[in-house]
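Taking it in order: structure first as structure tokens, then the write-up.
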Amino acid sequence: MQRLLLTVAAALFFAYEQVAFLRWWRTHGSLERGLAHIWETLTRDDMVFMMWNDMGLFTAVVLVWLWRDLRRTGRPFLWWPATLLWGCPPLFLYLARHHSPRPIREDGPYA
């Protein structure tokens with residue numbers, strides 16, 4: 001069930017990203033104007049800038065974790081650039097396909 005939910009979440013999030021991008025493109029008309037709007041918003045609104053930094057730091061932490069997990073498990077490295085480029089959808093698929101909950105040890109999970 002967890003795998004199904006993660007796969008559905010990946011598909012829905014990917015669709016959401018595509019719709020958001022198309023709406024953004026339609027609003028600004030070109031990549032240059034869209035990026036200029038992003039830059040203007042980041043430099044004008046301290047809270048947006050703080051949230052952007054927080055998301056960037058969180059993304060870096062996730063990518064470090066993913067890198068280490070790929071090396072530890074010997075899984076294909078292509079998951080890393082896919083997650084870097086497309087964000088959550090490949091990460092959800094990776095978790096759906098490759099992870100099962102860790103068994104809890106009899107002497108406790110933190111022992």
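A short reminder: the numbers here are calculations on the coordinates, not readings from a lab. In this text the structure is predicted, and so the values were computed from the model without any measurement. All Cβ positions, glycine included, derive from the backbone under ideal geometry; neighbour counts span all protein chains shown.
Using 1/(1 + (r/R0)^6) with R0 = 22 angstrom and r between the beta carbons of ASP54 and TRP86, what's the FRET efficiency to the nearest 0.05?
Working: r = 20 Å, r/R0 = 0.91.
Result of the calculation: an efficiency of 0.65.
Work out which helices of the chain, taken as complete DSSP H runs, extend at least 18 Å along their axis over the Cα atoms and score a mean Kyte-Doolittle of -1.0 or more, then list them. Spell out each step's value before the answer.
On the way: long enough: 2-28 (38 Å, 0.49); 31-44 (19 Å, -0.30); 46-73 (40 Å, 0.54).
Helices meeting the criterion: 2-28, 31-44, 46-73.
Once Lys and Arg get +1 and Asp and Glu get -1 on their Cβ, which of LEU84, ALA96, PHE14 lies farthest toward the positive end of the dipole of the chain?
ALA96
Using the Cα centre of the stretch 2-98 as the reference point, and only Cβ charges (+1 on K/R, -1 on D/E), how large is the resulting charge dipole? Debye, rounded to the nearest 20. Intermediate results must be reported in sequence, preceding the final value.
On the way: 10 positive and 7 negative charges, 110 e Å.
Value, rounded to 20: 520 debye.
Please give me, ordered by residue number, the chymotrypsin sites (Phe, Trp or Tyr not before Pro) of the stretch 22-89 that lie in loop per DSSP and have at most 13 other Cβ atoms within 10 Å. Spell out each step's value before the answer.
Details: sites: TRP24, TRP25, TRP39, PHE49, TRP52, PHE58, TRP65, TRP67, PHE77, TRP79, TRP86; in loops: PHE77.
Listed in order of number, the matching sites are PHE77.
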